[in-house]
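The values are calculated or read from the model by the stated rules, or taken from the named source; none is laboratory data. A quick note: this is a predicted structure, and the numbers were derived from the prediction, not measured. Ideal geometry is used to build each Cβ from the backbone, glycine not excepted, and the neighbour counts take in all protein chains shown.
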Amino acid sequence: MDHQTVLPLFDRQLRRDAKPDGLGARVERVDGVVRQTGAEGGWSGVVWSDLDESSADAAIAAQVRHFTGLGREFEWKVYGHDLPSDLPRRLTAAGFAPEPLETLLVAEVAELPTDVPPPEGIRLLPVTDEAGVGLMAEVHDKAFGRSLGLTRHQLLAQLAADPDAVPAVLALAGDVPVSAARMETHPGTDFASLWGGGTVAEWRGRGIYRSLVAFRTRIAADRGYRYLQVDASSMSRPILQRLGFAALSTTTPYVHEAAGDA
């Protein structure tokens, strides 16, 4: 992995030149940032910034005014290589709360395994309808202790608008969902993104997660994507690195609550 080439490509294609999600979101480039204001139930936040010590505080205040005026919670995704270097401190001072640190991992699709069958007794099932999204939510409840939340709303909307836009998959033991994951495609870029991979505790360590990565890698390869990107938790990072993903940076969501939610 050529970090000096791939990281700037990621920044440019998925952050600086970010496209709307196709569900009514609005992407704007103002005050040195790229922000997305989601449609009702959609994600809102700052995906890229080009700031320095003299411009950061004013840009942060402008985004707080914008989203607060809309009554929206929003997220500022801070990457480890973003400037100014004290951007996290400035966001915290402005009322943002950091969520857990994740690692930006990227792999070349052609270098990843695509034939990793699930363990005996497990079958993989593509998610194509509301029932499948409901089973994904059940997995998230058990694996992470939280529901899909807004993601469930977005998945249902995306399935209705374009069933191929967000390939998702379930792992079933009989008829019981034990793992789930999805992939987001980014047409016009070299990247597809892996999201939401989780396995219920009693089924971890058996290779299910690896089979879900391979399932989505095959789709990415078939659609001509060169790279797969993941914001990896501390749990999934070692598995993905063993599969061939390389760490390019870190990323931390900084969340600013909607007015009245504090």
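Across the stretch 23-50, the number of residues qualifying as loosely packed, with under 14 Cβ neighbours inside 10 Å and not charged (D, E, K, R) comes to 1. Within the stretch 51-78, the residues that satisfy the criterion of being of a type in the set (D, E) and either buried (at least 17 other Cβ atoms within 10 Å of the Cβ) or within 21 Å of L101 (Cα to Cα) (or both) are E73, E75. Scanning the stretch 18-35 for residues being without any contact (Cβ under 8 Å) to a residue 60 or more places away in the chain, of a type in the set (A, V, I, L, M) and part of a loop (DSSP other than H, G, I, E, B) gives a total of 2.
Per-residue answers, yes or no, for (1) under 15 Å from R216 (Cα atoms); (2) of a type outside the set (S, T, N, Q); (3) crowded, with 18+ Cβ neighbours inside 10 Å:
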| site | (1), (2), (3) |
| --- | --- |
| G95 | no, yes, no |
| P100 | no, yes, no |
| A107 | yes, yes, yes |
| P118 | yes, yes, yes |
| R123 | yes, yes, no |
| V133 | no, yes, yes |
| V139 | no, yes, yes |
| R152 | no, yes, no |
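Can we say G207 is in contact with a helix residue (DSSP H, G or I) (Cβ under 9 Å, 6 or more places away or on another chain), in the same structural domain as G134 (by TED's automatic domain parsing), closer than 23 Å to A168 by Cβ and in contact (Cβ under 8 Å) with a residue 60 or more places away in the chain? Taking the combined requirement at face value, the residue does not satisfy it.
Taking the listed residues R216, R152, R182, the one that is in contact with a strand residue (DSSP E or B) (Cβ under 6 Å, 6 or more places away or on another chain), within 18 Å of W43 (Cα to Cα) and not in a loop (DSSP other than H, G, I, E, B) is R182, with no other qualifying. Total residues in the stretch 74-127 satisfying the condition of being β-branched (V, I, T), outside any helix (DSSP H, G or I) and over 20 Å from the mean Cα position of the chain (by Cα): the figure is 3.
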